[in-house]
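Values in this text are rule-based calculations from the coordinates and carry no lab data. None of these values were measured; they are calculated from a predicted model. Cβ: placed from backbone, ideal geometry, glycine included. Neighbour counts: every protein chain shown.
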Amino acid sequence: MARILLIDDDQSLHTLLGEYLERQGYSMLHATDGREGLRMVFEERPDLVILDVMMPRLDGWQTLERIRDLSDLPVILLTARGSEPDKLQGFRLGSDDYVTKPFSFAELAARVEAVLKRAEGQRHPPQVWQVGGLMLDPVRHLVTRDGVPLELTPTEFKLLEVLIHEPGRVFTQEQLVARVWGEEYAEEVGYIRRYIWHLRRKVEPDPDNPRYIHTERGVGYKLEV
């Protein structure tokens with residue numbers, strides 16, 4: 001039974017959503033602010049966190065940053081602000097999904113199931129992947145170039161992982177968004193170029209003349225030497 005930690009200052013949401021998810025077969029943990037939530041993350045070791053953005057004491061952005069400092073624990077953000085900059089902020093900090101209030105409990109439960117499945121697959125990866133001097137080890141969450149470790153954000157790591165699993169394959173922007181953030185975001189491709197730009201700055205010896213991550217004009221991106 002997967003254990004879910006809900007971090008939100010809305011007590012009614014704890015009651016109603018908690019009861020709904022328990023009926024779906026999940027075990028629920030509850031925290032009413034970011035500080036209490038962080039304590040429970042590291043003491044209780046839940047399988048997934050549902051995290052509200054707007055909270056007193058320690059907001060969702062700050063809480064997510066601290067979770068990501070030490071853990072790849074799946075996190076779904078809840079927020080009343082659904083603008084693209086807010087979504088980008090969430091993904092940049094390493095959230096696995098983003099749900100805008102108001103939302104249906106059934107939709108959130110479906111997203112919980114999808115994120116847990118993706119996380120389970122990442123915990124049991126098939127192998128270490130290598131293309132040229134670029135190596136990605138999903139077990140150790142490690143990327144190296146010519147033996148030198150590279151520091152990637154969780155989202156950058158996921159993006160590189162998608163590309164390196166199928167070297168030579170051209171992915172459209174929609175495919176990359178769907179693989180990294182989920183099918184429901186497949187049409188929101190506006191920020192892929194920015195993530196590719198950041199990723200090249202970290203993995204390429206000369207980012208202005210890419211050796212690994214190549215652009216196929218009018219189509220998308222591929223990884224090959």
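Some observations on this one:
- Orientation-averaged projected area, Cα convex hull of the range 3-123 (nm²): 6.7
- Relative contact order of the range 3-123, pairs being alpha-carbon contacts under 8 Å that are 6 or more residues apart, as %: 23
- With neighbours defined as other Cβ atoms within 10 Å of a residue's Cβ, the residues Leu88, Leu176 order from fewest to most as Leu88, Leu176.
- For the chain, calculated [θ]222 nm from helices alone, where every DSSP H run of n ≥ 4 adds -39500 (n - 2.57): -13500 deg cm²/dmol
- Net lengthening on full extension, Thr215/Phe103 (0.36 nm per residue, minus Cα-Cα): 36.6 nm
- Amide H contacts under 5 Å for Leu29: Ile4, Leu5, Leu6, restricted to partners 5 or more places along the chain or on a different chain, H placed in the peptide plane at 1.01 Å from N.
- Highest-first packing order for the peptide set 58-66, 158-166 is 158-166, 58-66, based on the mean count of other beta carbon atoms within 10 Å.
- Counting only Cα atoms, the size of the range 126-178 along its three principal axes is 31, 22, 19 Å, in decreasing order.
- Residues Asp96, Asp8, Asp146 in ascending order of nearby Cβ atoms (within 10 Å, fewest first): Asp146, Asp8, Asp96.
- Three-way shape label, the range 129-223, alpha-carbon gyration tensor, a/c 1.5: prolate
- The base-10 log of I(q)/I(0) for the chain, evaluated at q = 0.08, 0.17 Å⁻¹, reads -0.30, -1.21 [Debye formula, identical scatterers on Cα atoms, solvent excluded].
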